[in-house]
Amino acid sequence: MLLGQLALLAAAVFSGAALYINIAEQPARLELDDRSLLIEWKPAYKRGLSMQAPLAIVGFLLGIAEWWQSDHVGWILGALLMIANWPVTFFAIMPTNNRLMATDPAAAGPESRAMIGRWGMLHAVRTALGFAACLAFLWASLS
């Protein structure tokens with residue numbers, strides 16, 4: 001059960017960080033001018049990625065390990081929801097990330113602002129996946 005509780009912890013930290021980005025960081029960033037918006041987004045994205053990507057993997061691995069031991073479907077469901085962040089990031093979010101990273105801040109304008117707005121909406125999917133994983137892990141923990 002310890003592995004499952006650690007999976008729940010990883011999912012909760014992931015979800016909290018993702019929610020913070022959606023409700024605090026992204027709205028504050030969108031109040032900046034176009035150039036500053038892009039300048040702020042680039043390092044914030046890199047730092048967020050370096051924290052959230054490992055949490056998704058750890059939550060997945062711990063959920064799988066607990067499922068292997070207990071055979072409760074909630075653990076595998078939560079694990080799959082955690083790892084679903086990777087394909088969502090690679091296939092849905094990464095094209096926008098790559099375009100934003102390639103944009104020179106001196107050329108920032110309405111297009112880069114729109115991309116960052118789209119990025120925020122896509123990031124909300126990651127937040128939802130994290131909270132869904134938390135609920136699955138919590139369900140398994142309480143069963």
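Any read-out appearing in this document is the output of simple, stated calculations on the displayed coordinates, not a laboratory observation. Owing to the predicted nature of the structure, the values given are computational and were not obtained by experimental measurement. Every residue, glycine among them, receives a Cβ derived from its backbone with ideal geometry; neighbour counts consider all protein chains shown.
Arrange the peptides 59-66, 3-10, 33-40 so that the one whose residues have, on average, the most other Cβ atoms within 10 Å appears first. Please list the in-between numbers first.
Working: 59-66: 23.6, 3-10: 21.0, 33-40: 15.8.
Final packing ranking: 59-66, 3-10, 33-40.
I need the shape label for the stretch 63-128. Rule: rounded when a/c is under 1.5, else prolate if a/b > b/c, else oblate, with a, b, c from the alpha carbon gyration tensor.
Numbers: a/c = 5.60, a/b = 3.56, b/c = 1.57.
Verdict is prolate for the stretch 63-128.
Which of 30, 77 comes first, and how do the rest follow, when ranked by fewest Cβ neighbours within 10 Å?
Working: 30 13, 77 19.
If I rank by nearby Cβ atoms, fewest first, I get 30, 77.
From the square roots a ≥ b ≥ c of the eigenvalues of the alpha-carbon gyration tensor of the stretch 1-54, which class results: rounded (a/c under 1.5), prolate (a/b over b/c), or oblate?
Details: a/c = 7.64, a/b = 2.57, b/c = 2.97.
Verdict is oblate for the stretch 1-54.
For the stretch 95-135 and the stretch 1-67, what is the separation of their C-alpha centers, rounded to whole Å?
Computed from Cα coordinates, the inter-centre distance equals 13 Å.
With +1 on the Cβ of every Lys and Arg and -1 on the Cβ of every Asp and Glu, and nothing else charged, how large is the dipole of the stretch 46-125 about its Cα centre, in debye rounded to the nearest 20? Mind showing how you got there, number by number?
Details: 5 positive and 4 negative charges, 67 e Å.
That gives the stretch 46-125 a dipole magnitude of about 320 debye.
Quote the relative contact order of the chain in percent (integer), defining contacts as alpha-carbon pairs under 8 Å separated by 6+ residues. Intermediate results must be reported in sequence, preceding the final value.
Working: 171 pairs, mean separation 59.9, N = 143.
Dividing the mean separation by the residue count of the chain yields 42 percent.
Relative to the Cα centre, what is the charge dipole magnitude of the chain, using +1 at the beta carbon of each Lys and Arg, -1 at the beta carbon of each Asp and Glu, and rounding to the nearest 20 debye?
Values: 9 positive and 9 negative charges, 37 e Å.
That gives the chain a dipole magnitude of about 180 debye.
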